[in-house]
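Enquirer: To start, I am sharing the structure in question, which I have written as structure tokens.
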Amino acid sequence: MTPDFPGAGPAAVALTASRFAGRVAVVTGASRGIGLAVAARLVAEGARVVVTGRHRQPLDDAVATLGGPEVALGVAGHADDEKHQRATIAAATERFGPVDVLVANAGINPAHGPLLDLPEGAGRKILDVNVLGTLSWVRAVCRSGLHDRGGAVVLLGSVAGLRPAPGIGMYGVSKAAVAQLAAQLAVELAPAVRVNAVAPAVVRTRFARALYEGREDQVAAAYPLGRLGEPEDVAAAVTFLASPDAAWITGQTLVVDGGLTVTGGPG
């Protein structure tokens, strides 16, 4: 039986349940939204997955959703805490074995408005979590042996990092840095580890709801494909880049945006 992911557009996505057989993955920021959809896709394709988030109960719920402790483990902590990162990788190794795949999805955007009005503390926190935190996750998993064994890393960027995004400027700056991180790390970690990024436009998640809530039809009208993204749309792109199907792809940022950036329309 090949499971389907609901809400991923007009056509259901059939899974082979084999691309990640025997693989162990860590997905950060995965108690809900895009991260949980990525973890679900990985499990459906044979992986065992460790998911992270700030709070224990949502992670417990996520593990249950993913199929229970035989295939999933939740580790709570702050994404930019290096002790949490090391503990997560140690827990993954102890429960399932060495980590083969890292999906660095955790990110924050605590401020909205013009860059000149951005509180300095909020700006620093965005960069600490979205850029330096992402880098330190990659460093931690490589130090655990990924650089020797080989594997794949996928970073979560955003179309806000590819062009100006009114109201979320520092978030966009941080995601531009994530795209550059993917390119730089791809060179430094080759040939053993492939590093790529995915840059979604607006996806229907709680994290992004301020960008579309109460005006979804109006926002979606700017997209040639006529709708906002679903978490499963992004999960499909992430798992492709992490899989053997992308064995000759590294250092790239894959835009997943329903055609938005092609038209130049408002995000």
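Enquirer: Quick check of the Kirkwood formula: for the chain, what is the inverse mean of 1/r over all pairs of different Cα atoms, in Å?
Expert: 18.4
Enquirer: If you take every DSSP beta bridge fully contained in the chain, what fraction is antiparallel? Give it as a percent rounded to 5.
Expert: 0
Enquirer: Could you pull out every residue, at least 5 positions away or on a different chain, whose amide H is within less than 5 Å of the one on LEU254? Hs are placed 1.01 Å off N in the peptide plane, and Pro or chain starts have none.
Expert: Close amide H contacts, sequence-distant or interchain: ALA197, VAL198, ALA199.
Enquirer: I would also like to ask the following. What does the charge dipole of the chain about its Cα centre add up to, to the nearest 20 debye, if the Cβ of each Lys and Arg holds +1 and the Cβ of each Asp and Glu holds -1?
Expert: Here the chain has a charge dipole of around 300 debye.
Enquirer: Sort LEU162, LEU254, LEU260 from largest to smallest accessible area, using a 1.4 Å probe on the heavy atoms of the protein chains.
Expert: Largest accessible area first, the list is LEU162, LEU254, LEU260.
Enquirer: Counting other C-beta atoms within 10 Å, and keeping those with at most 12, which DSSP coil GluC sites (Glu not before Pro) do you find in the stretch 69-114?
Expert: GLU70
Enquirer: Say each of ALA64 and LEU116 gets a label point 7 Å from the Cα, pointing the same way as Cα to Cβ; how far apart are those two points in nm?
Expert: 5.1
Enquirer: Sort ARG149, ARG23, ARG54 from largest to smallest accessible area, using a 1.4 Å probe on the heavy atoms of the protein chains.
Expert: The ranking, largest first, comes out as ARG54, ARG149, ARG23.
Enquirer: What is the stretch 217-267's relative contact order, in percent, from Cα pairs under 8 angstrom and six or more apart in sequence?
Expert: 51
Enquirer: Still on this model: Quick one: accessible surface of THR93, probe radius 1.4 Å, all protein chains present, in square angstrom to the nearest 10.
Expert: 60
Enquirer: For the stretch 254-264, take each phi angle, set θ = phi - 60°, evaluate the Karplus expression 6.51 cos²θ - 1.76 cosθ + 1.60, and give the result in whole Hz per residue in order, putting x for glycine and proline.
Expert: After applying 6.51 cos²θ - 1.76 cosθ + 1.60, I find 8, 7, 10, 9, x, x, 4, 6, 5, 7, x Hz.
Enquirer: If Lys and Arg each add +1 and Asp and Glu each add -1, what is the summed charge of the other residues whose beta carbon sits under 13 Å from the beta carbon of ALA91?
Expert: Taking every Cβ under 13 Å from that of ALA91, the sum is +3.
Enquirer: Here's another thing I want to ask about it. Quick check: Cα centre of the stretch 29-57 to Cα centre of the stretch 102-123, how many Å?
Expert: Centre-to-centre distance over Cα atoms comes out at 23 Å.
Enquirer: Kindly sort TRP248, TRP137 by accessible area of their heavy atoms, largest first, with the probe set to 1.4 Å.
Expert: The residues order as TRP248, TRP137, largest area first.
Enquirer: Where a ≥ b ≥ c are the square roots of the eigenvalues of the C-alpha gyration tensor, would you call the stretch 221-264 rounded, which needs a/c under 1.5, or, failing that, prolate if a/b is larger than b/c, or oblate?
Expert: Because a/c hits 1.5 or more and a/b fails to exceed b/c, the stretch 221-264 counts as oblate.
Enquirer: Treat each spin label as a single point 7 Å out from the Cα along the C-beta direction, and report the ALA90 to LEU225 distance in nm.
Expert: If labels sit at ALA90 and LEU225, their model points lie 4.1 nm apart.
Enquirer: Along the Cα→Cβ direction, 7 angstrom out, place labels at HIS78 and GLN57. What is the inter-label distance in nm?
Expert: 2.2
Enquirer: Explain nothing, just compute: Karplus ³J(HN,Hα) = 6.51 cos²θ - 1.76 cosθ + 1.60, θ = phi - 60°, for every residue of the stretch 89-103 in order, whole Hz, x for Gly and Pro.
Expert: In residue order, the calculated couplings are 5, 5, 5, 4, 5, 5, 7, 10, x, x, 6, 9, 9, 10, 10 Hz.
Enquirer: Let me check the size of the stretch 20-98 from its C-alpha atoms; what are the radius of gyration and Dmax in Å?
Expert: Rg and Dmax of the stretch 20-98, Cα atoms, are 11.0, 30 Å.
Enquirer: With a 1.4 Å probe and all protein chains kept in place, how much accessible area does ASP60 have, in Å² rounded to the nearest 10?
Expert: 60
Enquirer: Another question about this same structure. Could you give me the percent of Cα pairs per 10 Å distance bin for the stretch 139-267, shortest bin first, beginning at zero and ending with the bin that holds the maximum distance?
Expert: 13, 40, 30, 14, 3
Enquirer: Another question, then. Please work out the Cα convex hull volume for the stretch 50-139 and give it in Å³ per residue.
Expert: Cα-based convex hull of the stretch 50-139, divided per residue, equals 103 Å³.
Enquirer: Leaving out ligands, DNA and RNA but keeping every protein chain, what accessible area does ASP61 have, in Å² rounded to the nearest 10, with a 1.4 Å probe?
Expert: Spelled out: ASP61, probe radius 1.4 Å, area about 80 Å².
The values are calculated or read from the model by the stated rules, or taken from the named source; none is laboratory data. The shown structure was predicted, so the numbers you read here are calculated from the model rather than taken from an experiment. Counting neighbours? That spans all protein chains shown, and the Cβs are built from the backbone with ideal geometry, glycine included. Just so you know, the surface numbers come from the protein's heavy atoms only, side chains and all, with ligands and any DNA or RNA stripped out. Shrake-Rupley method; radii C 1.70, N 1.55, O 1.52, S 1.80 Å.
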